[in-house]
Amino acid sequence: MARVALFVPCYIDQVYPQVAIATIELLQKLGLDVVYPTNQTCCGQPIGNAGYECELNDVAHRFIDQFEEFDAVISPSGSCVHFVKAQYSFINQSDSVKHVRNHIYELCDYLTNILNIKNFNTRFPHRVGIHYSCHSLRGLDSGKPSEIIGEDYSNIQSLLETVQDLTLVHPERKDECCGFGGTFSVDESAVSVKMGQDRCGDFENLDAEYITSTDMSCLMHLDGILKQANSKTQVIHVAEILNQTVTS
Amino acid sequence: MHHPVAAEKFIQDTPRVNWHNKAVWYVREKRDKAAQDIPEWEQLRDYASAIKTDTISKLDKYLIEFEQRAIENGIKIHWAKDADTHNKIVHGILDTHQSRLVVKSKSMLTEECGLNPYLEAKGIEVVDTDLGERVIQFAKEDPSHIVMPAIHKKKEEIGELFYEHLETEKGNDDPNYLTEAARHHLRKKFLKADAAITGVNFAIAETGGFVVVTNEGNADMGVNLTPLHIASMGIEKIIPKAEHLGVFLRLLARSATGQPITTYTSHFHKPREGAQLHVVIVDNGRSRQLGQEDFRRSLHCIRCGACMNTCPVYRRSGGHSYGYSVPGPIGSILSPNMDPEKHASLPFASTLCGSCSAVCPVKIDVDKQLYKWRQVITEKGFAPNKKTLTIRLGKFAFSHPLTFRIFGSLSRKAGRIFPKKLLNTFFTKWTTGRDLPDLPKKSFRDWYLKNGIDSHD
Ligand code: SF4
């Protein structure tokens with residue numbers, strides 16, 4: 001059986017442990033042998049995006065060391081996965097590096113493309129809007145971005161469509177960025193907050209009870225905005241929805 | 001002014017930002033509809049990108065071919081290594097013809113070179129004949145968009161400007177009325193002008209001719225009514241063959257405004273009888289860009305503006321916040337090549353959402369280049385955020401600062417202590433508009449170790 005590792009980005013480990021717990025429980029329910037390498041830290045994305053890739057050598061090597069022995073690395077964060085896949089070209093491309101970069105997956109992509117899951121026996125009786133993580137969507141091809149002309153598909157949407165009693169709501173601007181952008185959220189805080197407010201509005205106007213995503217970082221930013229505005233809309237990571245148990 | 005500062009100013013006027021966001025997004029939607037009508041859209045983008053890749057890999061050859069053919073056609077060719085040389089050449093030609101009034105159709109290159117102020121200082125009147133450009137010329141502003149230069153102006157403001165400059169009725173902002181007034185005003189200028197300047201959208205190596213597209217026909221009015229036509233082009237405007245035009249024209253109009261074809265697509269191959277036709281071919285940093293593998297593909301750009309319309313940051317910060325003749329995502333990867341220190345904040349004015357790259361008709365990897373420019377700018381020591389905590393905070397930005405406990409726990413891993421003052425700056429920047437997340441008692445790692453799952457150390 002495939003041995004898979006769980007990669008939990010630093011902020012999820014510290015701030016949103018329930019997301020990582022949902023992810024590991026979900027994978028275990030599906031019969032996977034999941035290991036969480038406990039010496040992992042961060043993939044280095046915030047530093048790289050801030051322009052300091054040159055300081056990331058150790059971080060990247062450490063990351064690879066933690067994960068090279070596994071058949072696959074799964075993470076509940078599309079943007080961190082994208083960073084490893086797309087940007088880890090600054091370190092020497094050894095076989096281990098190549099292996100990890102080729103076998104790291106965002107959770108929904110793994111469920112859809114590798115495990116080929118067509119149905120989730122779960123129930124979530126709520127109005128839910130999908131906020132597309134730009135890095136999942138445009139970086140990992142986990143769906144068709146609105147700019148591209150062609151047949152529509154979306155891994156996260158296909159999975160959520162199988163959840164009982166879940167009503168999906170669809171904002172007009174299907175995949176507008178939330179404005180988080182890592183260090184952008186503080187370097188360009190005015191634009192970042194405005195983008196986030198607009199994005200929250202897209203879902204609030206549709207009476208969404210929840211905004212869900214493959215990326216907790218987008219949701220952290222949106223959550224901060226929703227809370228400050230005392231909104232009724234909440235955020236929930238897709239792993240938490242998929243990991244709901246059916247109660248009849 | 002750095003982008004975040006200018007953007008914050010723009011954002012203060014919420015109704016205006018919302019209006020701007022909507023107006024620009026509307027053009028993106030029109031583009032989507034037009035592109036969806038073409039089943040082979042993605043294939044066209046592939047072709048366009050492949051043609052451009054080939055072209056810029058043999059740019060010298062194609063430029064020389066173009067020059068030879070153009071000269072055979074009777075066109076006079078000039079080469080300008082930079083903006084200043086360009087302006088001198090243009091002025092020199094105008095001077096020889098004793099031209100005093102020049103009508104100019106839209107050309108982002110002349111904006112880049114600062115041609116208008118240069119000529120005006122020499123006593124030559126330059127009239128921008130594109131309606132949007134004329135509006136901002138009246139307002140003494142820079143264009144805020146490369147296709148819709150006055151997109152930031154509301155119609156009431158245009159009514160006011162026309163009242164001042166064209167003596168239209170005060171308070172009348174009916175677009176048809178204002179357009180009609182502009183038309184009359186421009187006709188007079190066209191009739192009086194003694195030279196016309198245009199840009200170049202595509203210069204065809206094989207024929208030595210070039211194509212200019214406009215929606216208002218103003219380029220044609222100018223060049224057909226005056227005895228002197230000067231066309232300025234960047235070295236990247238070359239395409240190898242006339243048959244390639246089919247690919248680019250289909251992509252350009254749809255990407256720019258959602259039209260199936262631009263209203264006027266004018267082909268120029270030789271001077272009119274009794275008139276002169278000059279083409280000024282300008283480098284101005286382009287060959288330096290060409291020499292950098294990571295940034296070379298920015299020269300594919302056909303200036304359609306789609307990356308601006310789609311950019312969530314541009315729509316909310318306005319074109320002027322970029323402080324460069326080409327704003328938005330493409331401007332943010334072109335400007336650092338001109339002056340990495342002055343434009344240091346631009347590659348950071350993006351969430352790296354990648355919408356620009358996905359919309360770009362010639363498939364420029366804009367977001368990847370933004371990321372790469374960030375590395376270059378940091379290396380050169382120009383990083384706009386170097387004084388803030390963001391970097392030092394770096395990889396733990398959103399878990400570290402939250403509580404002393406977490407701070408402590410992660411610092412162990414990081415082996416690094418962040419100064420408290422920096423953390424405070426971070427807090428304020430985050431909490432203006434956003435709450436901090438509630439903190440859990442335990443980290444996931446704590447949970448994992450405790451819940452008896454085989455640990456892997
Ligand atoms: S970068 Fe692409 S989308 Fe942007 S203006 Fe140039 S061609 Fe158009």
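Numbers at a glance
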{"item": "Boolean, B:Phe382 is more than 9 Å from chain A (Cβ to nearest Cβ), within 13 Å of the ligand (Cβ to nearest atom) and either of a type in the set (Lys, Arg) or surrounded by fewer than 23 Cβ atoms within 10 Å (Cβ to Cβ) (or both)", "result": "no"}
{"item": "Criterion (open to solvent by 40 Å² or more (accessible area, probe 1.4 Å), away from the ligand (no atom under 15 Å from the Cβ) and in contact with a strand residue (DSSP E or B) (Cβ under 6 Å, 6 or more places away or on another chain)) met by exactly one of B:His267, B:His278", "result": "B:His267"}
{"item": "Within the range B:138-174, considering residues that are open to solvent by 60 Å² or more (accessible area, probe 1.4 Å) and in contact (Cβ under 8 Å) with a residue 60 or more places away in the chain, the one farthest from the ligand (Cβ to nearest atom)", "result": "B:Glu141"}
{"item": "Among the residues listed as A:Asp207, A:Asp202, A:Asp152, the single one being without any contact (Cβ under 8 Å) to a residue 40 or more places away in the chain and among the acidic types (Asp, Glu)", "result": "A:Asp152"}
{"item": "Single residue of the range A:1-15 satisfying the filter (facing chain B (nearest Cβ under 7 Å) and within 14 Å of A:Ile74 (Cα to Cα)) that is surrounded by the most Cβ atoms within 10 Å (Cβ to Cβ)", "result": "A:Val8"}
{"item": "Number of positions in the range B:238-264 that are in a strand (DSSP E or B) and buried (at least 21 other Cβ atoms within 10 Å of the Cβ)", "result": "2"}
{"item": "Residues (at pLDDT 90 or above, surrounded by fewer than 24 Cβ atoms within 10 Å (Cβ to Cβ), under 24 Å from B:Leu436 (Cα atoms) and at the interface with chain B (Cβ under 8 Å from one of its Cβ atoms)) located in the range A:16-48", "result": "A:Pro17, A:Gln18, A:Ile21"}
{"item": "Residue ranges of helices (runs of 4 or more DSSP H) in the range B:68-153 with at least 2 members farther than 27 Å from B:Met308 by Cα", "result": "B:83-96, B:115-121"}
{"item": "All positions within the range A:73-98 that are buried (at least 18 other Cβ atoms within 10 Å of the Cβ) and under 20 Å from A:Val35 (Cα atoms)", "result": "A:Val73, A:Ile74, A:Ser75, A:Pro76, A:Ser77, A:Gly78, A:Cys80, A:Val81, A:Val84, A:Val97"}
{"item": "Filtered residues of the range B:293-321 (kept if more than 13 Å from the ligand (Cβ to nearest atom), touching a helix residue (DSSP H, G or I) at 6+ places or on another chain (Cβ under 8 Å) and either open to solvent by less than 40 Å² (accessible area, probe 1.4 Å) or free of Cβ contacts under 8 Å to residues at least 60 places away in the same chain (or both))", "result": "B:Pro312, B:Val313, B:Arg315, B:Arg316, B:Ser317, B:Gly318, B:Ser321"}
{"item": "Those residues of the range A:113-141 which are among the β-branched types (Val, Ile, Thr) and surrounded by 16 or more Cβ atoms within 10 Å (Cβ to Cβ), in sequence order", "result": "A:Ile117, A:Thr122, A:Val128, A:Ile130"}
{"item": "Flag for A:Arg199 being under 25 Å from B:Asp13 (Cβ atoms), of a type in the set (D, E, K, R) and surrounded by 24 or more Cβ atoms within 10 Å (Cβ to Cβ)", "result": "yes"}
{"item": "Among (1) acidic (Asp, Glu); (2) surrounded by fewer than 17 Cβ atoms within 10 Å (Cβ to Cβ); (3) under 20 Å from A:Met216 (Cβ atoms), the one test that A:Glu106 misses", "result": "(2)"}
{"item": "Elements of type helices (runs of 4 or more DSSP H) in the range A:35-83, at least 1 residues being under 27 Å from A:Glu188 (Cβ atoms) and more than 20 Å from the chain's Cα centre (by Cα)", "result": "A:57-67"}
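Conditions (1) surrounded by fewer than 17 Cβ atoms within 10 Å (Cβ to Cβ); (2) not assigned by TED's automatic domain parsing to the domain that holds B:Val366, marked per residue:
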residue	(1), (2)
B:Val24	no, no
B:Arg45	no, yes
B:Lys58	yes, yes
B:Tyr62	no, yes
B:Ile71	yes, yes
B:His91	no, yes
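Per-residue answers, yes or no, for (1) part of a helix (DSSP H, G or I); (2) at the interface with chain A (Cβ under 8 Å from one of its Cβ atoms):
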site	(1), (2)
B:Ser325	no, no
B:Pro336	yes, no
B:Thr351	no, yes
B:Cys356	yes, no
B:Gln375	yes, yes
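Here's the yes/no breakdown for (1) among the charged types (D, E, K, R); (2) under 26 Å from B:Arg28 (Cα atoms); (3) touching a Pro at 6+ places or on another chain (Cβ under 8 Å):
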position	(1), (2), (3)
B:Asn224	no, no, no
B:His229	no, no, yes
B:Ile235	no, no, no
B:Lys241	yes, no, no
B:Gly246	no, yes, no
B:Leu249	no, yes, no
B:Gly258	no, yes, no
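The values are calculated or read from the model by the stated rules, or taken from the named source; none is laboratory data. These numbers were taken from a predicted model, which means no experiment stands behind them. Ideal geometry is used to build each Cβ from the backbone, glycine not excepted, and the neighbour counts take in all protein chains shown. Keep in mind that these areas ignore ligands, DNA and RNA; they rest on the heavy atoms of the full protein, side chains included. Shrake-Rupley method; radii C 1.70, N 1.55, O 1.52, S 1.80 Å.
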